[in-house]
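Report on the following structure.
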Amino acid sequence: MNDQSKNNEENARSFSSWLGALWRAVAVPLAAVLLAILIGAILLAISGANPFRAYAALIEGSFGSMKAFGRTLAKATPLIFSGLSVAFAFKAGLFNIGAQGQLLFGALASAVAGFMLKGLPPFLHVTVAVLAGAIAGALFGAIPGVLKAYTGASEVITTIMLNYVAINITDYIADGPLKDSAGGNIVARTPEILDSARIPSIGEIPVGFFLAIIVSIIVWFTLWRTTTGFEIRTVGLSPHAAKYAGMRVAFTVILTMIISGFLAGMGGSIESLGIVGRYQPGFNTGLGFDGITIALLGKTHPFGIIPAAILIGAMKAGASTMQFNAGVAKEITDVIQALMLFFVTADLIIRKLLRTREEDGEKIILSGWGQQ
Amino acid sequence: MTEENLALEIRHVTKRFPGVLANDDVSFTLRKGEIHALLGENGAGKTTLMNVVYGLYTQDEGEFLIDNNVVEINGPSDAINYGIGMVHQHFMLVPVFSVTENMILGSEVTKGTSLDLRRARREILEISEAHGLEVDPDAIVENIPVGVQQRVEILKALYRKANILVLDEPTAVLTPQEAEDLFRVMRALTEKGVSIIFITHKLKEVLNVADRITVMRRGKVVGHTSPHETDQKGLAAMMVGREVLLEVKKAPAKPGDVVLEVANLTIEGERGLEVVKDISFEVRAGEILGIAGVQGNGQTELVEAITGLRSIDAGEIVLMGKKVPFENPRYLVENGMGHVPEDRHKHGLVLPYNLADNFVLCTYYQKPFAGQMLMRNHQAVFENAVGLIKRFDVRAPGADVPASTLSGGNQQKVIVGREFSRPLKVLVANQPTRGLDVGSIEYIHKEIVKMRDEGVGVVVISAEIDEILSLADRIAIMYRGKIVTTVDAKDATREQLGLWMAGVQPEAA
Ligand SMILES: Nc1ncnc2c1ncn2[C@@H]1O[C@H](COP(=O)(O)OP(=O)(O)OP(=O)(O)O)[C@@H](O)[C@H]1O
Ligand SMILES: [Mg+2]
């Protein structure tokens, strides 16, 4: 009996410490979101609008009906991918600002596969087209990885520059060699994809969203259940220890960037095949950059990224309704999003407000002289 | 009690961490102008107690008195206001800042809105002269030796008018000469009325400089003594709670075949200077080669080259008769080399990882820790950890706590446990007992000798002459990148080794 109660006690303790850990993980992002919404309300009030009406309209436009909810999920889907892309690189200590560029190549490649490959059965066509986009993103992601691994060039700089390369190349292709010529079109865009390449919706829910969930689970599994994930996380936490342990640090950096690019490319692919139906510059603007916000809001954890992406997706989905019903410029949602990013990175401000002390252990790492 | 002249009094302090009672009803007094040594096993709670005093942790129970008044300390800034200065177990300096900039960080002197660096510089020079602590106020911290960096830390405390100084293991990485300098400074400070709490694992030092000694074990104060009441043996017993063998017991070595051969190794350092110059030696199965030398004479680079962490510029390394590919630690892991690295936080551990993952840092991909399709086997990883924690007596609440929460000595045991539990042919141990308590040193020395007796070829690199003398069968002395001579341990004396390490040329024999 004694053993039994001791066991129960153990379980209770580990459960409460698990809850505590969960709370510490979500407290800051949650507070950041609430704070941003609050400040958003103040801004709305200052500009003469009724914040309650505005937010009510925003919620109506994003969750108010099945259709609205479907729209939210459709907006969230590419964001989950770009969030995963940024977070995955982050685990290896890499800051992939280039998700945007990788996503553009993914979107273009999938669109091209979507209209060029003829006579494939739908399921196969979609699979091939998605893979084409993901691989395009992966190849483009590999470049900063290789540069980092062999020359030490900061991936932050190279990915920023490569974004411009991506924007210009994809623009050129969509406005030049692969421009849609149907019906005297003059807009820069590729031809419409074939029906066999379309990613459908089940009811209002886009199938791409389910794919995003599955990929999130795979990413989580890879990072925490496989030896490759162990290598990636070790390189991210301590490249020196990784080398000591016999891990191939350079290889891991490249591999991580390839996978990160793969994920971003997939996001672009789903956008082309599921939403836009072709490649058209402009439709993908900012999706990769939003990935940074989402990765940070989601604490770079796959299961944090999903709700973060849905939140941002909802703001995008509801923005027009808000503008229409409450007469508020929809750019206010961008402001709120920026505030969220600000507060989630300004971790300390939030902790002060919440008065949650960091765990004692987080504050200083005990060590001996010269052992750092 | 109150008629005593106390600078600081700690009353009944208790501090808990999840699963650990780090300080258990600890009381402690510090008299004005004394050096009070705080001794105790690894994980006894010394650093924790000092962090509580310094306001980095909040105690669960207990109170502090400064100059006989109860005070609230809610953070380091309170502690500094009460005149407490702390030199941490690890550096807290900004490497790219100058000495002056580091010194004023957090208490900047300003002129209008801009920093008054010139005034700060002058004040620092004054303090450093007053206390005989020489530093160049314009030097960049990362370019100055460890001993001087530490001086900067002490000056920083004095600059903030500290009259209670906490030194947490200040001598762990100092050369014997630097340590002597430090003791001189400490004595001078006490003469000016500063009170010092001195934490160390080196019993000789304690007997040398302390006025009083307090010993902790498992979170509790277990005794008080003073240098003229006790000796090293007595202190060791008090710390560990049993007799400790300060000398290693070992039978004569039975050297077998050569297992590791280093031939004409040359390494260029960062600035193009040769830090290792044409070094050759061999290690046989069943013997311990000790490499003695003052820090910074090329030992770090030599070991990094042998263990695959660094490329070399000339020469070769042969392990078990096969030439070793350079910079390939994985090859070495798989061919029987174990490595206890010098820098346990940089190379030896991934601090945020739990103990279980740290125990398989080098073998995570091998059976049974990984199965089909790159899948990790968490159960096997945890079982391994539980076994090693028990076998190597690691004091930790469980296999799932982050390595960062362990005391320094227990972190070292994790590394030793990981390396020693693999099938080894050669073991390279660099400063294997740095920062460890006498009990742990005894234990690790015993394990190293056991490895030797099982036929492993061992290389021990240490700056401690005593450690080399008691462990090694043969001793090589390194000075300025060269092995100046190699002697049989039986023929070596402390004095002779000390001279060679200091650069005195051996007689041509
Ligand atoms: N932040 C923390 N979180 C959890 N446990 C901790 C933390 N800091 C210390 N501990 C635990 O408290 C105990 C005391 O640790 P402390 O660092 O004070 O020991 P120490 O006496 O300084 O040892 P050493 O001589 O090895 O430095 C140890 O068991 C350690 O694992
Ligand atoms: Mg300590």
In whole Å, how far is the Cα centre of the range A:266-305 from that of the range A:180-224?
11 Å
Give, to the nearest whole percent, the P(r) tail of chain A beyond 26 angstrom, counting all Cα pairs.
57 percent
I'd like the orientation of helix B:438-453 relative to chain B: the angle between its Cα long axis and the longest Cα principal axis, in ° from 0 to 90, rounded to 10.
0 degrees
Zero-based 10 Å bins, Cα pair distances in the range B:373-493, whole percents
11, 38, 31, 14, 6, 0
Using the Cα centre of the range B:337-422 as origin and beta-carbon charges of +1 (Lys, Arg) and -1 (Asp, Glu), tell me which of B:Val350, B:Thr363, B:Asn410 is placed farthest towards the positive end of the dipole.
B:Thr363
Using Cα atoms only, what is the angle between the long axis of helix B:176-191 and the major principal axis of chain B, expressed in degrees (0 to 90) to the nearest 10?
10 degrees
Using DSSP loop states and a limit of at most 13 other Cβ atoms within 10 Å to flag GluC sites (Glu not before Pro), what is the longest stretch of chain A containing no flagged site?
A:1-330
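Per the helix-only calculation at 222 nm, which mean residue ellipticity applies to the protein assembly as shown, given -39500 (n - 2.57) for every DSSP H run of n ≥ 4 and division by its residues, nearest 500 deg cm²/dmol?
Numbers: 31 runs with 430 residues, N = 881.
Estimated from H runs of four or more residues: -15500 deg cm²/dmol.
How much of the accessible area of the range B:3-240, in percent, comes from carbon and sulfur atoms when a 1.4 Å probe is used?
Numbers: 4780 of 9930 Å².
That share works out to 48 percent.
For the range B:181-283, which GluC sites (Glu not before Pro) pass both filters: DSSP loop (anything but H, G, I, E, B) and at most 15 other C-beta atoms within 10 Å?
Details: sites: B:Glu191, B:Glu205, B:Glu229, B:Glu243, B:Glu247, B:Glu261, B:Glu268, B:Glu270, B:Glu274, B:Glu282; in loops: B:Glu243, B:Glu247, B:Glu270.
Here the sparse-neighbourhood loop sites are B:Glu243, B:Glu247, B:Glu270.
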Pick out, from A:Met247, A:Ile169, A:Phe283, the residue whose Cα sits farthest towards the positive end of the charge dipole of the range A:50-331, with +1 on the Cβ of Lys and Arg and -1 on the Cβ of Asp and Glu.
A:Met247
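Would you mind getting me the FRET efficiency between B:Glu63 and B:Val258? Use the beta-carbon distance for r and R0 = 45 Å, nearest 0.05. Mind showing how you got there, number by number?
Details: r = 63 Å, r/R0 = 1.39.
E between B:Glu63 and B:Val258, to the nearest 0.05, is 0.10.
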So how many Å³ per residue does the convex hull of the Cα atoms of the range B:3-240 work out to?
134 Å³
Placing unit charges on C-beta atoms (Lys and Arg positive, Asp and Glu negative, everything else neutral), compute the dipole magnitude of the range B:1-59 about its Cα centre in debye, rounded to 20.
200 debye
Calculate the spin-label point distance for B:Lys322 paired with B:Glu142, positioning each point 7 Å from the Cα along the beta-carbon direction, and give it in nanometres.
3.8 nm
To the nearest 0.05, the calculated FRET efficiency linking A:Val26 and B:Glu180 through their beta-carbon distance, R0 being 30 Å, is 0.05
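What's the local net charge at B:Ser98, with K and R +1, D and E -1, over the other residues with C-beta under 11 Å away? Display every interim value, and only then the final one.
Values: positive: B:Arg121; negative: B:Glu101, B:Asp136, B:Asp138, B:Glu142.
Within the 11 Å Cβ shell, the charges total -3.
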Reachable lysines, given that their alpha-carbon falls under 24 Å from the alpha-carbon of A:Lys148 and they are not under 8 places away in the same chain:
A:Lys91, A:Lys243, B:Lys346
If each of B:Glu247 and B:Thr266 carries a label point 7 Å out from its Cα toward its Cβ, how far apart are those two points in nm?
4.4 nm
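Restrict the search to the range B:436-509; then list the GluC sites (Glu not before Pro) that DSSP places in a loop and that have at most 12 other Cβ atoms within 10 Å of their Cβ.
Details: sites: B:Glu442, B:Glu447, B:Glu454, B:Glu464, B:Glu467, B:Glu495, B:Glu507; in loops: B:Glu454, B:Glu464, B:Glu507.
Loop-located and lightly packed - B:Glu454, B:Glu507.
Would you tell me the mean number of C-beta atoms belonging to other protein chains that fall within 10 Å of each C-beta in A:228-234, as a whole number?
On the way: counts 3, 2, 12, 3, 0, 4, 5.
Mean number of neighbouring Cβ atoms from other chains: 4.
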Sketch the reach of a paramagnetic label on B:Glu126 as a point 7 Å from Cα along Cα-to-Cβ, and name the residues of the range B:138-164 whose backbone nitrogen lies under 13 Å away.
B:159-161
Past 28 Å, Cα to Cα: identify those pairs from B:Lys254/B:Lys277; B:Lys390/B:Lys425; B:Lys220/B:Lys249; B:Lys32/B:Lys202, in the order given.
B:Lys254/B:Lys277; B:Lys220/B:Lys249
Excluding residues fewer than 8 places away in the same chain, name every one of the aspartates and glutamates whose C-alpha is closer than 16 Å to that of B:Lys161.
B:Asp67, B:Asp78, B:Glu108, B:Glu123, B:Glu126, B:Glu129, B:Glu153, B:Glu191
By average Cβ neighbour count within 10 Å, what is the ranking of A:308-320, B:333-345, B:373-385 from highest down?
A:308-320, B:333-345, B:373-385
Between A:Leu139 and A:Ser154, what length comes free when the chain is fully extended (0.36 nm per residue of separation minus the Cα-Cα distance, one decimal in nm)?
3.6 nm
Toward the positive end of the charge dipole of the protein assembly as shown, about the Cα centre and with charges on Cβ (Lys, Arg +1; Asp, Glu -1), which of B:Ser226, A:Ser260, B:Phe281 goes farthest?
A:Ser260
Hey, which aspartates and glutamates would be in cross-link range of B:Lys233, C-alpha to C-alpha under 17 Å, not counting anything within fewer than 8 residues on its own chain?
B:Glu41, B:Glu205, B:Glu243, B:Glu247, B:Asp437, B:Glu442, B:Asp466, B:Glu467
Using a Förster distance of 51 Å, how high is the FRET efficiency between B:Glu464 and A:Tyr164, based on the Cβ-Cβ distance and rounded to 0.05?
0.35
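So which chymotrypsin sites (Phe, Trp or Tyr not before Pro) in the range B:65-108 pass both tests, a DSSP loop state and at most 12 other Cβ atoms within 10 Å of the Cβ?
Values: sites: B:Tyr82, B:Phe91, B:Phe97; in loops: B:Tyr82, B:Phe91, B:Phe97.
Passing both the DSSP loop test and the Cβ count: no residue.
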Compute log10 of I(q)/I(0) for the range B:13-98 with the Debye formula, placing one identical point scatterer on every Cα and leaving out solvent, at q = 0.12, 0.18, 0.19 Å⁻¹, to two decimals.
-0.40, -0.88, -0.97
Can you compute the label reach from B:Gln232? Point 7 Å from Cα along the Cβ direction, backbone N cut-off under 12 Å, restricted to the range B:480-495.
B:494
Where does the Debye-calculated log10 I(q)/I(0) of the protein assembly as shown sit at q = 0.06, 0.08, 0.11 Å⁻¹, using only Cα point scatterers of equal weight, no solvent?
-0.51, -0.87, -1.35
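Average partner chain C-beta neighbours within 10 Å, per residue of B:360-369? Present the calculation step by step, with values, prior to reporting the outcome.
Numbers: counts 3, 9, 4, 2, 7, 8, 1, 0, 0, 2.
If you average over the peptide's residues, the count of other-chain Cβ atoms is 4.
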In nm, to one decimal, how far is the modelled label at B:Ser311 from the one at B:Val70, with both set 7 Å along Cα→Cβ?
6.5 nm
Please figure out what share of the DSSP beta bridges in the protein assembly as shown is antiparallel and state it in percent, rounded to the nearest 5.
60 percent
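For B:Val94 and B:Arg480, compute 0.36 nm times the residue count separating them, minus their Cα-Cα distance, and round to one decimal in nm. Walk me through the numbers on the way to the answer.
Values: separation 386, 0.36 × 386 = 138.96 nm, distance 2.85 nm.
In short, 136.1 nm is gained.
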Quick test of the membrane-span-like rule: which DSSP H helices of chain A reach at least 30 Å along their long axis (C-alpha atoms) with mean Kyte hydropathy at least -0.5?
A:2-46, A:66-91, A:122-151, A:249-270, A:302-326
Answer in debye to the nearest 20: the dipole magnitude of the range B:3-240 about its Cα centre, from +1 Lys/Arg and -1 Asp/Glu charges placed on Cβ, is 140 debye
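Counting each pair of different Cα atoms once, what's the Kirkwood radius of the range B:248-346 in Å, rounded to one decimal?
Working: mean 1/r = 0.0690 Å⁻¹.
Over the range B:248-346, the inverse of the mean reciprocal pair distance is 14.5 Å.
Just checking the output field for B:431-444: average partner chain Cβ neighbours within 10 Å of each residue's Cβ? Before the final figure, lay out each step's value.
Numbers: counts 2, 0, 0, 4, 5, 1, 0, 0, 0, 0, 0, 0, 0, 0.
So the per-residue partner count for this stretch is 1.
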Hey, got the dipole for chain B? About the Cα centre, +1 on K and R Cβ, -1 on D and E Cβ, debye to the nearest 20?
1000 debye
Over the protein assembly as shown, give the accessible area per residue in Å² for a 1.4 Å probe, as an integer.
43 Å²
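The values are calculated or read from the model by the stated rules, or taken from the named source; none is laboratory data. Small disclaimer: the values here were computed from a predicted structure and weren't measured. Cβ atoms come from the backbone with ideal geometry, glycine included; neighbour counts cover every protein chain shown. Keep in mind that these areas ignore ligands, DNA and RNA; they rest on the heavy atoms of the full protein, side chains included. Shrake-Rupley method; radii C 1.70, N 1.55, O 1.52, S 1.80 Å.
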